[in-house]
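Structure first, then comments.
Only the coordinates and a few stated rules stand behind these numbers; no lab work does. Nothing here was measured: the structure is a model prediction, and the numbers come from that model. FYI the Cβ positions are ideal-geometry reconstructions off the backbone, even for glycines, and counts take in every protein chain you see.
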Amino acid sequence: MPTLINIALGVLPLLILGGSIAAGIDDDRRHRTMFLLVYGLWALTLAMLNWMRSWPVAWIAVWAAAGVIALGLAMMRRAPRS
């Protein structure tokens, strides 16, 4: 059961991104940066959920790594170019 829940909750932000693009929201740099920020926070929340429920450590590591990477990419994209 933890596997199904993790996959379903992990795909949810991607479906929302696809829906917003299909609705006509311009897929510009700010939109992708905001998606990375939200996805990073979402992934860290999933890591904490897995940790609190004592689910497999692999899921905790996967979501923590995905969250840190997504937040790092969002911060790199946000930095002013010189």
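See the values below:
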item	result
DSSP-loop trypsin sites (Lys or Arg not before Pro) across the chain, with at most 16 other Cβ within 10 angstrom	ARG53, ARG81
Leading residue at positive end of dipole, the chain (Cβ point charges), from ALA22, LEU9, ALA47	ALA47
Tail weight of P(r) past 18 Å, computed on alpha-carbon pairs of the chain, percent	47
Estimated [θ] at 222 nm from DSSP helical runs (n ≥ 4, -39500 (n - 2.57)) normalised by residues in the chain, nearest 500	-28500 deg cm²/dmol
Rounded to the nearest 20 debye, dipole of the range 2-78 from Cβ charges on Lys, Arg, Asp, Glu	180
Net lengthening on full extension, TRP51/VAL11 (0.36 nm per residue, minus Cα-Cα)	12.5 nm
